1. What is the packing order of peptides 78-84, 95-101, taking the mean over residues of other C-beta atoms within 10 Å and listing the highest first?
2. Considering Cα pairs under 8 angstrom that are at least six residues apart, work out the relative contact order of segment 51-108 and quote it in whole percent.
3. How much length is gained if the chain between LEU220 and SER310 is pulled fully straight, taking 0.36 nm per residue apart and subtracting their Cα-Cα distance, in nm to one decimal?
4. How would segment 134-216 be classified by its alpha-carbon gyration tensor: rounded, prolate or oblate, with rounded meaning a/c under 1.5 and the a/b versus b/c comparison settling the rest?
5. Rounded to two decimals, what is the ratio between the C-alpha radius of gyration of segment 58-165 and 2.2 N^0.38 Å?
6. Which residues' amide hydrogens lie under 5 Å from the amide hydrogen of LYS120, considering only partners 5 or more residues apart or on another chain, with H built in the peptide plane?
7. Could you sort the peptides 299-305, 141-147 by per-residue average Cβ neighbour count (10 Å cutoff), highest mean leading?
8. Among the listed pairs LYS120/LYS326; LYS173/LYS216; LYS194/LYS284; LYS156/LYS287; LYS174/LYS315, which are separated by more than 29 Å between their Cα atoms?
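No lab work stands behind these numbers, since they all come straight from the coordinates. Nothing here was measured: the structure is a model prediction, and the numbers come from that model. Counting neighbours? That spans all protein chains shown, and the Cβs are built from the backbone with ideal geometry, glycine included.
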Amino acid sequence: MQKLTLYSLNALVILTPLLVFNFLASCSDHESKTISSSVVTSVRRDADWKAPDTSLIPQNSEGDLIRYGRDIIVNTCLYFGPHGRISTKANGMNCQNCHLEAGTKAWGNNYGGVYSTYPKFRERRGAIETIYQRINDCFQRSLNGAQLDTNCREIKAIYAYMKWLGQNVEKGKKPKGCGIQQLGFLDRPADPEKGKIVYKSVCMRCHGNSGQGTLKPDSLSYLYPPLWGPHSYSTGAGLYRLSRFAGYVHDNMPFGTSHYAAQLKNEDAWDVAAFVNSQPRPVKIIKIDWPDISLKPVDHPLGPYADSFSELQHKYGPYGPIQKAKELKAGLLISSTKTDKESKGSKTSR
Ligand code: HEC
Ligand code: HEC
């Protein structure tokens, strides 16, 4: 009987370490000792999300839509770039420039957790956001272009691809390795001058001496996408926040690097983010953003803010003190609502 429990526990250990730890908490002392030794030998690194194999995309009309969606992610500029077949409003970047390997690379800003987590409340919008709206956010901000009509085949295709990618992800869960890593904060402001040195020694050979990138010989698409200038992402884009840029670049640049073989030190990633995001780029201010300014992330570079830290500190850091003040305020709010409830409670009991 005990053996059986151990076997089933082992199976659990491999599947979900978290579950096991919950289980252990309810075991007696003796049991947890025997079991924890088996935990030590069988715990594997919790695996990163892995995309389904593209050969498994069905050979039917739904499959055609999924394949079309994938192609738009990889070759966006051919459809929507300055010489696009469908529209010419976007900046010539591809979704894949920032969502690597067609949005499947672990820690490469992939789409593994999209279908499972949307629609969801987003603080930037101050409302529930659908996958269509999220896709259009990137068209408008990162591609500095126009939103797609939600009835068009292209947005339906992108949706179908994201749904197919996330088909094995439990509803509500964001698997490990999805999105962008949150790097630890520096205890100083990120420094554009230091970042310039990193840029020149590590990034410039591909992204160019003025961040303009390099077009492919066909002049339609980029071999190396631009990091600033008129054809780059706008100030309304996620990468314009230093934490998003630093996390993305740390795990993925120079191109070919991965989360487990990162080449940049944390501080290099923050400094190069500060340098790149100090260069000129298209300005896009979306008025409806952040209806509740107290929900702005600490590294949001554009005011107004609910706290008294400067725009400069919100842009470059140090973020620790801002974060601390935010938590303190939240803590005070919680304790004041508690006291509220308590005092109400005591009133009714009287
Ligand atoms: C310049 C870089 C860039 C480009 C180009 C770009 N995105 Fe994004 N995208 C981001 C960033 C940054 C985020 C936010 C990631 C985060 O905060 O973790 C994001 C988030 C998303 C999300 C939400 C992911 C999630 O898990 O919540 C979707 C969906 C998305 N992008 C779709 C697209 C599509 C479709 C395109 C092409 C039309 C595109 N993106 C092009 C940078 C980019
Ligand atoms: C060997 C060439 C190479 C080097 C070196 C390199 N990159 Fe990139 N970078 C790329 C390529 C290629 C892409 C687009 C990837 C794709 O489309 O699959 C990219 C994409 C990006 C993007 C997202 C797209 C955009 O244009 O905004 C950022 C940000 C970025 N690189 C920053 C950096 C930084 C910062 C460095 C230096 C630390 C760096 N890269 C070094 C080749 C390189």
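1. Working: 78-84: 18.6, 95-101: 20.6.
Sorting 78-84, 95-101 by mean packing, highest first, produces 95-101, 78-84.
2. Details: 63 pairs, mean separation 13.6, N = 58.
Taking the mean separation of contacting Cα pairs over the length of segment 51-108, I get 23 percent.
3. Details: separation 90, 0.36 × 90 = 32.40 nm, distance 4.13 nm.
Here the segment from LEU220 to SER310 would lengthen by 28.3 nm.
4. On the way: a/c = 2.58, a/b = 1.53, b/c = 1.68.
Since a/c reaches 1.5 but b/c is at least a/b, the shape of segment 134-216 is classed as oblate.
5. On the way: Rg = 13.2 Å, N = 108, 2.2 N^0.38 = 13.0 Å.
Scaled against compact globular proteins, the figure is 1.02.
6. Residues meeting the amide H criterion: GLU129.
7. Details: 299-305: 16.6, 141-147: 20.7.
Ranked from most to least packed, the peptides come out as 141-147, 299-305.
8. Values: LYS120/LYS326 23 Å; LYS173/LYS216 38 Å; LYS194/LYS284 27 Å; LYS156/LYS287 27 Å; LYS174/LYS315 27 Å.
In this structure, LYS173/LYS216 lie more than 29 Å apart at Cα.
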